[in-house]
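Working notes for the structure below.
The values are calculated or read from the model by the stated rules, or taken from the named source; none is laboratory data. The shown structure was predicted, so the numbers you read here are calculated from the model rather than taken from an experiment. Here Cβ is always computed from backbone atoms with ideal geometry, including for glycine, and neighbour counts include all displayed protein chains. With ligands, DNA and RNA removed, areas are computed over all heavy atoms of the protein, side chains included. Shrake-Rupley method; radii C 1.70, N 1.55, O 1.52, S 1.80 Å.
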Protein chains: 6
Amino acid sequence: MPTLTHFDAQSQAQMVDIAAKPHTHRVAVAGGYIAMQAATLALISTGQARKGDVLGVARIAGIQAAKKTSDLIPLCHPLPLTRIAIDFDEASVHHPGVCGIFCRATVETVGATGVEMEALVAVQVALLTIYDMCKAVDKSMGIHGVHVLQKQGGKSGGWQIANHEIQR
Amino acid sequence: MPTLTHFDAQSQAQMVDIAAKPHTHRVAVAGGYIAMQAATLALISTGQARKGDVLGVARIAGIQAAKKTSDLIPLCHPLPLTRIAIDFDEASVHHPGVCGIFCRATVETVGATGVEMEALVAVQVALLTIYDMCKAVDKSMGIHGVHVLQKQGGKSGGWQIANHEIQR
Amino acid sequence: MPTLTHFDAQSQAQMVDIAAKPHTHRVAVAGGYIAMQAATLALISTGQARKGDVLGVARIAGIQAAKKTSDLIPLCHPLPLTRIAIDFDEASVHHPGVCGIFCRATVETVGATGVEMEALVAVQVALLTIYDMCKAVDKSMGIHGVHVLQKQGGKSGGWQIANHEIQR
Amino acid sequence: MPTLTHFDAQSQAQMVDIAAKPHTHRVAVAGGYIAMQAATLALISTGQARKGDVLGVARIAGIQAAKKTSDLIPLCHPLPLTRIAIDFDEASVHHPGVCGIFCRATVETVGATGVEMEALVAVQVALLTIYDMCKAVDKSMGIHGVHVLQKQGGKSGGWQIANHEIQR
Amino acid sequence: MPTLTHFDAQSQAQMVDIAAKPHTHRVAVAGGYIAMQAATLALISTGQARKGDVLGVARIAGIQAAKKTSDLIPLCHPLPLTRIAIDFDEASVHHPGVCGIFCRATVETVGATGVEMEALVAVQVALLTIYDMCKAVDKSMGIHGVHVLQKQGGKSGGWQIANHEIQR
Amino acid sequence: MPTLTHFDAQSQAQMVDIAAKPHTHRVAVAGGYIAMQAATLALISTGQARKGDVLGVARIAGIQAAKKTSDLIPLCHPLPLTRIAIDFDEASVHHPGVCGIFCRATVETVGATGVEMEALVAVQVALLTIYDMCKAVDKSMGIHGVHVLQKQGGKSGGWQIANHEIQR
C-alpha cells in the first residue's frame, strides 16, 4: 500500500531527505485556466494597446512566485531554478467552448528533486494576478483545470498526462 | 464601458489609491477543490490517526500564505488581517460525484479595501500543499472551482455568488 | 477549564478574530541570555575597538526579525510596529555567576493585540546572531531564560513577572 | 589567540568566503525546551484529540523557519537544505523534573558550510510557536537549554556535546 | 547641533517611537535615472512592439520593492501603503544631454511617518531591473541622480527640492 | 544587432535558461556614492564614538539585501552566494571634490551565472540605509555613480571598467 513520504514512521511531517539523490536536469510543465465573461476577456485581449498589459503583469508575478515556492509550500526543498517561462493563450485553444485565459508555466533546475510544485505555483499566482486586475469588472471568474502536464528528468525519466486523465 | 482600475490613463500598471476610502470591517470567503483518485483521498482521510495530518499542514500553509498576498500579487495593498480561518470538507459535499478535498478560506480585515485576494491565495496554497504531499502516489490530481464565494463590507455591502453563476 | 484560543470548536488552528478589539498603545518587553566561555565573552566585550561589533550586528538582526514575526509564527497577526529597541548587558548583571550576554527587546504598537511575540522573536534572533558569530571559537554556548518580562496596554493593563516566577 | 571570522582585518562584518570549501554531506542537530505550568502541558498533551494540534503547528513553523535562516541571521550563507525533521518530547525525558516540551531539530545539506544555525533557528521558532499558542493561559513560560547537540561532516568530522558541557 | 534620531542616548541603533504621532495622508515622490549607450536606449524604446516590455517589467519590480522597504532598510517602520505609481521618461527630458531612462516613483500612505524611503526603494529597484535586462548588451550603464523630489503631509507640511539643490 | 536575452522570440519576459552553463567561481564588484552636506558627513564620520554606527548598520543592510536579489529583480536567478563584503570610504577618495560616502560591494559565487546584480543591490541598499539614517538632518542627499566596477569568472573571463567609461 502506498504511503505519504512527507510523514515519518511516527506520522510526523518532515522535509524528506534528498541528500543522496543525483543532481539531474529536470523540467516540469504545469497549466490551468481562468474562466471569465466574454466582456472581461475582451478587455484583456485588447490590453496591450489601450487598457494596460494584464498578461505582462501576470507573467512577472508568476515568475517571481515560482522562486518563492519553498517559502509557500512547507515541505518543499529550496532549489536553484535555472529557467522559468510562462505562456498565455485564450482558454478555448485548449478547452473548446471556455471563455478565458490559459496559463502554462515551464520550470527547470539541475537538482535532486523535481520542480512540479514550482510550475504549479507559477500558474496559480499568474492566474490569481489576472483575477486581481479584473475583479472590479467581473465577480464570476473561476480558476480550473490546474495540474501538471509533463515532467522530465529524475528517476522516472519523462512523463506526461493526457487531459482526459486528470481528476475533476 | 468598464475599464481596469489597475491601469492609469496611459495604460500603465499602478497600485490604486485607497487613501480616501473609509476603514470598514470586511470579510471575504473563497473556495475551491482538489480532485484525486479514491485511494489518495483514503490516505488523507485516515491520516490523523495513521498517516500524518495532511490537512493540518495544508491549513497552516494557507494561513501563512494569506499574510503574503501583497508580496505575491503585484498590485495588492498590504492589509492588517484580523482573522484567517480555513476549513476542509470532502469535495463531494459541495460537488456531488467529485472525489477529493474542498477548501474554504475566510479572511477578515478592518481596512480600506477588500480581502478576496487574500482568501483566494489561502485556498490555492492550501490546495497546492495537499498536492505536494500526495504527488508521490497520485499524478492525476487537478485543482478546480476556485472562486470567491461571498464578501461583506465596503461600498458594495454584502454579496454572494451561486455555484452555477461561476464561469467554467 | 482554560482552552487554547488558537483552535476553534473543531480543534482546528486559526488566526483568531481581533476585528472588534480596540486599538490601544501596547508595549512588550522580553529578555534572555546566551551563556559562553569567559574567553568568548572577552572577544565580544573588546569588540568595538578591535574585533568587530558583534552586538551591533545582533541588534540589527533582532530589530529586523521583530518585523518578520507574523511571517515566522503561523497564527500571529501582522501588526504596524511603532518602536523596536534592543539592549545588551553582561549576563551577570541579571543572573549572578553567569558568563555571557543578556538581551532585552522592547517592542511597541498601537493596535488590537499585544506584541510579546515580536519582543521574543527579537531576543531569540539577536542571541542566535551572537551564536553565529562566535560559534567558530566556542561550541559550548547555550541560550537560556528567554521569557516575557512585562506588558502594557490592552485589556489586562500593565503586567510584569518576577524572575523567580518563570518556569524553568 | 582566536579571532572572530565574521570580521575582516579592519574589524568590519562580512559574509566569509566559502568558495573553496568542498561540498560534503553535513548534519546538525540542535535542541532546547520550553518550561510551563503542569496545566499548560496537560492542554498540549491531550491536544491531538480535543484541543488542537499545538505540536503539529509548531513543527511546520520550525521547518519553514529553518529555510529562512540566511534571511534572519545576517552573515549566514544561503544553503540548499536536503532534509529538515523536528521531534518533540516531554521535557522531563531529557531534563528530569522539568515540566514542558523539549524540541530537537535535525537539518542536513550537501554544501560548503555547516547547518547548525538552521537547526537552532528551527528549534527557537518551534518553541516560540508553542509559546504563542499557550500564552493566553500561561504567562510564566520560559525557553531554556537551546544549543547544538551534534554535527557531522565538514573539516571537523563528527562532534557531539554532553549536556553537562553546555554553558548555563 | 543636530543628532541622528535612529540612535539612542547610548548611540545604539533603534527603530524610533512613532506611537504618538498623528496619522495623516502623506505623499513622497523620488526620482533618478540610468544612463546608457544610445543603442541600448533604442532597444528599450522600441521594446513594446518588438523586443519585450523592459519598462513594464521594471515598473512591477519597483512597485513590489516599495512594499518590501521595511524589510530592506533596517530601521524603517512597516507602513500600510495606499498608492504606488511609477513613471518613466527618456532621461533627456529632465537632464538635457543624458542618454537613458528617468524613473519617478510616487508613494502614499495614511500613517504616522513619511514614505520617502519607499519611493527611493521603488526608484532604485526599477532602475536596477532595467540594468539587469540590458546588461548583456551594455556594461557601461550607471545609475545617478537618485533623490527625493517632494513630500507632502506630516509635521513639515509640503516640501520640494530644486534639481540644483541636490548634493552631487 | 544585439537583442535582450530576457525576452523570448515572442517578446515575452522570461528567466533565461542557464542549465547548461558550467559552474565557475565568479566575482563581481560594484560601487556608488551618496553625496551630502559637510555637516552630515561629519555626523557620520564621528559616529563610531558618539553618534552611533551609521556605516555598520548600512553594511549589514547591504549584505542582507544581496541575499534577496532574486526576490527583488524579477528575472534574476537564485544563486548560492559564497561571499559578500562591503567597504566604505569618504567619497572624495574616489571622486575628488565630492562630499559624502562611497560604497563598494564584492559578491562571489560558484555558479552558472554572474553576480553583478547582487553587488549592485548591496550598494544601493547600503546607500539607501545611510540616507534613511541621515534624512532627518539633510534633505539634499543624492545617490550617484552606481555601476559595476569589475567581474571575474564565466565565459568572458575578467573585465573591469574605467571610471571615465561609465555613462552619465
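List the residues of the range D:102-138 whose backbone N lies under 17 Å from a point placed 7 Å from the Cα of A:Lys21 along the Cα-to-Cβ direction. Residues D:108-111 qualify, since their backbone N sits under 17 Å from the label point. Here the protein assembly as shown exposes an accessible surface that is 51 percent carbon and sulfur, computed with a 1.4 Å probe and the other protein chains kept in place. For chain A, the longest principal axis of the alpha carbon atoms and the long axis of helix A:54-66 meet at an angle near 10°. Remark: the range A:24-153 is approximated by an ellipsoid whose semi-axes, taken from the C-alpha gyration tensor as √(5λ), come to 28, 14, 12 Å, largest first.
For the chain pair F and E, the interface hides roughly 5300 square angstrom of accessible area in total, found with a 1.4 Å probe. Of the GluC sites (Glu not before Pro) found in the range D:61-168, none is in coil by DSSP with at most 15 other Cβ atoms within 10 Å of its Cβ. The protein assembly as shown gives an Rg/Rh value of 0.94, both radii derived from C-alpha positions and Rh following Kirkwood.
Over all other residues within a Cβ to Cβ distance under 12 Å of E:Ala65, the charged ones net out to 0, with Lys and Arg as +1 and Asp and Glu as -1.
To the nearest 0.05, how large is the calculated FRET efficiency for C:Asp8 and A:Ser140 if R₀ is 22 Å and r is the Cβ-Cβ distance?
0.15
Shown here for the range C:94-156: trypsin sites (Lys or Arg not before Pro) in loop regions (DSSP other than H, G, I, E, B) with at most 16 other Cβ atoms within 10 Å, namely C:Lys155.
Residues of the range A:146-168 whose accessible area (probe 1.4 Å, heavy atoms of protein chains only) drops by at least 30 Å² once all protein chains are present, relative to their chain alone: A:Val146, A:Trp159, A:Gln167, A:Arg168. Mind checking which lysines have their C-alpha under 17 Å from E:Lys139, skipping anything on the same chain fewer than 8 residues away? Counting by Cα, and skipping residues close in sequence, E:Lys139 has these lysines nearby: F:Lys151, F:Lys155.
Take every pair of alpha-carbon atoms less than 8 Å apart whose residues are at least six positions apart; their mean separation over the length of the range B:37-154 yields a relative contact order of 28 percent. A 1.4 Å probe run over the range D:4-49, with the rest of the protein chains in place, finds 41 Å² accessible per residue.
With label points set 7 Å from Cα along Cα→Cβ, the inter-copy distances at E:Glu90 are 3.7, 4.1, 6.8, 6.8, 7.8 nm, sorted shortest first. At 1.4 Å probe size, what's the solvent-accessible area of C:Thr24? Round to the nearest 10 Å². Number for this one is 40 Å².
For the range F:4-18, heavy-atom accessible area (probe 1.4 Å) falls by no less than 30 Å² from the chain alone to the full protein assembly at F:Leu4, F:His6, F:Phe7, F:Ser11, F:Gln12, F:Ala13, F:Gln14, F:Met15, F:Asp17.
When the C-alpha to C-alpha distance is required to be over 22 Å, the pairs from A:Lys68/C:Lys21; B:Lys21/E:Lys67; B:Lys135/C:Lys68 that qualify are A:Lys68/C:Lys21; B:Lys135/C:Lys68. A label point on D:Trp159, set 7 Å along the Cα-to-Cβ line, lies at 4.1, 4.1, 4.1, 5.1, 6.0 nm from each of its counterparts in the other copies, closest listed first.
Label points for B:Ala136 are taken 7 Å from Cα along Cα→Cβ. From this copy to the others they lie 3.6, 3.8, 3.8, 4.7, 5.4 nm apart, shortest first. For the rotational copies F and D, the chain F residue with its Cβ nearest the relating axis, together with that separation in Å, is F:Pro80, 4.
Relative to the compact-globule scaling 2.2 N^0.38 Å, provide the ratio for the alpha-carbon radius of gyration of the range D:92-146. Present the calculation step by step, with values, prior to reporting the outcome.
Working: Rg = 13.7 Å, N = 55, 2.2 N^0.38 = 10.1 Å.
Against the empirical 2.2 N^0.38 Å value, I get 1.36 for the range D:92-146.
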